[in-house]
Amino acid sequence: MVNMAENSDSAGGGHPRANTMWGGRFAAGPDAIMAEINASIGFDQRMAAEDIEGSRAHAGMLAAQGIISGEDQQAIDAGLVQVLGEIERGEFSFSTALEDIHMNVEARLREIAGDAGARLHTGRSRNDQVATDLRLWVRARLDEIDAGLASLMRAFVAQAEQGADIVMPGFTHLQAAQPVTWGHHMLAYVEMLGRDRGRFADCRARMNECPLGAAALAGTSFPLDRHMTAAKLGFDRPMANSLDAVSARDYALEFLSACSICAMHLSRFSEELVIWASAQFRFARLSDRFSTGSSIMPQKRNPDAAELIRAKIGRIIGAFVALTTVLKGLPLAYCKDMQEDKEPVFDAADTMALAVAAMEGMVRDLAPNAEVLKAAAGAGFSTATDLADWLVRVLGMPFRDAHHVTGALVAEAERRGCDLADLPLDAMQAVEERITEDVYTVLTVEASVASRTTFGGTAPDNVRAQAARWRETLG
Ligand code: ARG
């Protein structure tokens, strides 16, 4: 284990220093409560790799600009690589007295590289450092979540391809409305997730500017090349206003809002899965891998993963509300309040990634129950609109009249306790004498979905075409 310097050294006057990085600013060491409220190392150590990446870029630029020597830069770089290795191998002992990841890394660097290490912080402040680290961290999560969403979309597309011809009830108000196809239903989520990815991509494009070099808040008198550090770190450009650079957290809010909207979509599909997997619906079967049994009721297969994803939006939107509330009313520039940005962002990112992965697993394993779906699709007079459309098309009836006649036919079928397709022709003709045998061709669920050929409609051929388009887009 590597021992970190705790605040054991003394400042003038015999008082212990608060910690080695602040110097003698405080007469007495912070008590345990202050240390605890002040420290972020418990959570911001997750940004160690980003912190070190940012520091290496900064040191490289300082040397290129002649602000530090080449030897110092090499010592810093080797030292930082060593620190990263220690952290990755779990050999690093994080110190609460050193508050945060920035000072923990820097203190260890000074142990390793001495004076060279102490030159790293030239022209830099923790304010631009933390702003840079969190941007790098969020950007990496954005890329991971995007990849996860792309594979979830592929899973939905596979379902759509396999189920392009499976007929199921389409609902409004959760009342059977018109038959649709399983594939069409799956592709509805592909569309939603495609927009979610668009929101994450927008967020990424807007956030990809570098705060490093803004220093504490005003910029610095050292001749930094901010374009160089921005480019080294993969940012499009340096942020143009130093006050904004250290204070802006709207990208984190944008990330959390994109997560919230995406989690809302996952929550909706989760709810459908819970309904579909129920013994009352039996529309689809979730695999054992994503269901659990009950400890007391042997017959139960509970859709726990779907329920948990349905719930995760609570945490994610909670993170958005928490951080918006933290930032609201903060004066420029950096305020310590901003340290409260990390935990909601970390938690939401973890939750989002897990929910997407679990949803992908469920979708891949999901097995539609085609017979049950078809029977349900035909129930509830679901082809009534097809009947009305037939009256319009074949008999030339105005749609409003056709709607009225169809209503009377539905009432007749209801009275007889049969489906529209089983209503005898004479019973139909008693309502509208011009109806012919031909009407039965539109009353099956297959005919109904096959006729929905308008762009974006549920017809199996449309579904196949849209699934192919998405396959192409998703690669
Ligand atoms: N741990 C701090 C944070 O997360 C780092 C920046 C501290 N800056 C300062 N001037 N106290 O926000």
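The values are calculated or read from the model by the stated rules, or taken from the named source; none is laboratory data. Quick caveat: nothing in here was measured; it's all calculated off a predicted structure. Cβ sites come from the backbone with ideal geometry, for glycine too, and all protein chains shown count toward neighbours.
Data for the structure
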| item | result |
| --- | --- |
| Arg400 vs. criteria basic (Lys, Arg), part of a helix (DSSP H, G or I) and surrounded by fewer than 17 Cβ atoms within 10 Å (Cβ to Cβ) | yes |
| Within segment 461-472, considering residues that are without any contact (Cβ under 8 Å) to a residue 60 or more places away in the chain and under 24 Å from the mean Cα position of the chain (by Cα), the one farthest from Ser451 (Cα to Cα) | Glu472 |
| Any hit, segment 384-392, residues being part of a loop (DSSP other than H, G, I, E, B), surrounded by fewer than 19 Cβ atoms within 10 Å (Cβ to Cβ) and at pLDDT 95 or above | no |
| In segment 320-341, residue farthest from Cys259 (Cα to Cα) [restricted to those that are more than 14 Å from the ligand (Cβ to nearest atom) and outside any loop (DSSP other than H, G, I, E, B)] | Thr325 |
| The lone exception for Leu134 - which of (1) more than 27 Å from Cys259 (Cβ to Cβ); (2) within 16 Å of the ligand (Cβ to nearest atom) it fails | (1) |
| Hits in segment 415-467 (condition: within 22 Å of Ile166 (Cα to Cα), acidic (Asp, Glu) and part of a loop (DSSP other than H, G, I, E, B)) | Asp419 |
| Residue in segment 88-101 that is among the hydrophobic types (A, V, I, L, M, F, W, C), under 30 Å from Asp31 (Cβ atoms) and away from the ligand (no atom under 16 Å from the Cβ) present | yes |
| Residue that is modelled with pLDDT under 95 and of a type in the set (Lys, Arg), where the choices are Lys300, Lys328, Lys336 | Lys300 |
| Odd one out for Ala177 among (1) over 30 Å from Phe235 (Cβ atoms); (2) assigned to a helix (DSSP H, G or I); (3) of a type outside the set (Lys, Arg) | (2) |
| Among (1) among the basic types (Lys, Arg); (2) within 24 Å of the chain's Cα centre (by Cα); (3) within 29 Å of Val167 (Cα to Cα); (4) modelled with pLDDT of 95 or more - the single one Arg282 does not satisfy | (2) |
| Segment 287-309: number of residues that are over 30 Å from Glu343 (Cβ atoms), assigned to a helix (DSSP H, G or I) and not charged (D, E, K, R) | 0 |
| Candidates Ala277, Ala284, Ala245, Ala322 - the one that is under 30 Å from Asp341 (Cα atoms) and in contact with a strand residue (DSSP E or B) (Cβ under 9 Å, 6 or more places away or on another chain) | Ala245 |
| Condition check for Pro344: on the phi < 0 side of the Ramachandran plot, surrounded by fewer than 17 Cβ atoms within 10 Å (Cβ to Cβ), within 16 Å of the ligand (Cβ to nearest atom) and not hydrophobic (A, V, I, L, M, F, W, C) | no |
| Lone unmet requirement of (1) closer than 22 Å to Asp337 by Cα; (2) within 16 Å of the ligand (Cβ to nearest atom); (3) among the aliphatic types (A, V, I, L, M) for Ile52 | (1) |
